[in-house]
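Notes follow once the structure below has been shown.
The values are calculated or read from the model by the stated rules, or taken from the named source; none is laboratory data. Only a predicted model underlies this, so the values are computations on that prediction, with no experimental measurement involved. All Cβ positions, even for glycine, are placed from backbone atoms using ideal geometry, and neighbour counts span all protein chains on display. Just so you know, the surface numbers come from the protein's heavy atoms only, side chains and all, with ligands and any DNA or RNA stripped out. Shrake-Rupley method; radii C 1.70, N 1.55, O 1.52, S 1.80 Å.
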Amino acid sequence: MTNIYNHILKSKIESKKLLAILLDPDKIDLSKAAILIEKINQSPATHIFIGGSLVENNILDELIIKIKQNCDLPIVLFPGNPSQISDQADAILFLTLISGRNPDFLIEHQVKAVPILKQTDLEIISTGYILVESGTETAVERVSKTKPLDRNNIEFVVHTAQAGEMLGLKIIYLEAGSGAKQAVPIEMIQLVSQNIEIPLIVGGGIIDLQGIQKAYDSGADLVVIGTAFENDINFFNK
């Protein structure tokens, strides 16, 4: 599986909306992986993202291998730190937390990841990660020791996204955080989408199919569903 970014870019140009299911290895029982994969295959997902803020177990490689045995969707790593890199995946969102000012998540973890990534054939997709205030403290906030951006200061979020684009990042990811009480505001998605040329990913706090559609209608090119699917693997059957 190659050129995942080019496919995302082509889909944006053609106004074809994409959907990723985010799997956190810490929340998965491998003995039930077959059922999970079957539900993913029945869903409208176009990608599988794998990762989490912590990931304390050691099933990452095994999980990806199991998925690939029964699913053809591209698998993209969504890592919280360099320990969450697996050469079994197809690509990695090479994240820089541009909403925060903690150097560990702006460049330090990325530097540490380089010798690991050089030993793989992973497609590396540089991604500007923007954490948006969502009504609760999320795992990303705790682990990164950074504050999310004010959900009411949309102009500042737009400028942050534009700065990421000017720095040469390939994707902007607006994130409310896992288990967020509030999703990324619709107006924020609209204005960020209208003011950048690169693809826009939106995730966190989306709890139903209507929420996915609202994000698409507002300009998201790819929507990520994590907690809602974790809590109910029949999410897409409703």
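Structure values in brief
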item: All lysines inside 26 Å of LYS118 as judged from Cα atoms, apart from same-chain residues fewer than 8 positions distant; result: LYS66, LYS68, LYS170
item: Estimated 222 nm signal from helices in the chain, with DSSP H stretches of n ≥ 4 weighted -39500 (n - 2.57), rounded to 500; result: -10000 deg cm²/dmol
item: Nearby lysines by direct alpha-carbon distance to LYS145 (threshold 22 angstrom, same-chain neighbours under 8 apart not counted); result: LYS112, LYS181
item: Where labels lie 7 Å past Cα in the beta-carbon direction, separation of LYS238 and SER11 in nm; result: 2.2
item: Loop sites in the range 63-143: chymotrypsin sites (Phe, Trp or Tyr not before Pro), DSSP, at most 15 other Cβ within 10 Å; result: none
item: Directionally averaged projected area (convex hull, Cα atoms, the chain), nm²; result: 11.5
item: Fraction of the pair-distance distribution of the range 54-104 above 15 Å, Cα-Cα pairs, percent; result: 52
item: Carbon plus sulfur fraction of accessible area for the range 172-212, probe 1.4 Å, in percent; result: 47
item: Candidate residues ASP26, ASP90: accessible-area rank, largest first, probe 1.4 Å; result: ASP26, ASP90
item: Computed over the range 112-176, Cα set: Rg, Dmax in Å; result: 14.2, 42
item: Spatial separation of Cα centroids for the range 134-189 and the range 1-75, in angstrom; result: 22
